[in-house]
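Novice: Input: one structure, supplied below.
The values are calculated or read from the model by the stated rules, or taken from the named source; none is laboratory data. All values derive from a computational prediction rather than experimental measurement. Virtual Cβ from ideal backbone geometry, glycine too; neighbours counted across all protein chains shown.
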Amino acid sequence: MANRVLVGKRGSDHGLFVSRAGQNVVTSDEPLGFDSRAVESLIVQSYGQSILVPQVQHRTSGAQLTYTYNSTTYSQHEHTITHNLGYIPAYAVRFCSATQITSGQATSSYSPFTYSSGSVEYQEDDEEGGDEITFPEASGTVGLAITDVTTSSFKLTNVGGRTFDDVNGKATSLGNESVYFYSYVIFTADNFLNNGSL
């Protein structure tokens, strides 16, 4: 009969641990049936949402192109999220392009990524079977990247390149495919995914 319950130290952590049937709670590498450390990941430290545009400037004026949604104009291509926890926390970030917003709600969402290629199509395999996201107006690199992860903050950057057009000396508006709506949640637990997003 395997030892299934441990109250105390398991590896370098302390807590209450219960293994699954037939597994030894002390030596098993299989997922546990209960792990008291997992409760910590449910505590939310902060959350938010906004819109990032690609870093594209008007050829003649040098001004950053903007995107307007619900009477608010956005021009930032990156945003630093400050948490000041003193360690790198667990966090979840999701995004979608403006074409995937219907009545103020996202119809699809994607984990942060960067993708560099001649193609601008991305296939994500997730627990829901995967979705395809296409950015027909983009060229080169597309996506929302997480950069500069530190013990006090991390940065979200719209790395979506776009073929830029001038029409009669005026900049065309940004296409909805290159504008990203994003949301994030920061938890109080330490990051356990090599500083990546859940």
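Novice: Give the residue, chosen from R94, R20, that is charged (D, E, K, R), modelled with pLDDT of 85 or more and closer than 29 Å to S111 by Cβ.
Specialist: Answer to the selection: R94.
Novice: Return yes when S28 is over 19 Å from E177 (Cβ atoms), part of a loop (DSSP other than H, G, I, E, B) and modelled with pLDDT of 85 or more and no when it is not.
Specialist: Details: over 19 Å from E177 (Cβ atoms): yes; part of a loop (DSSP other than H, G, I, E, B): yes; modelled with pLDDT of 85 or more: yes.
Yes; evaluated as a whole, the condition is true for this residue.
Novice: Given the conditions (1) over 15 Å from the mean Cα position of the chain (by Cα); (2) not hydrophobic (A, V, I, L, M, F, W, C); (3) not in a strand (DSSP E or B), which single one is not true for T68?
Specialist: (3)
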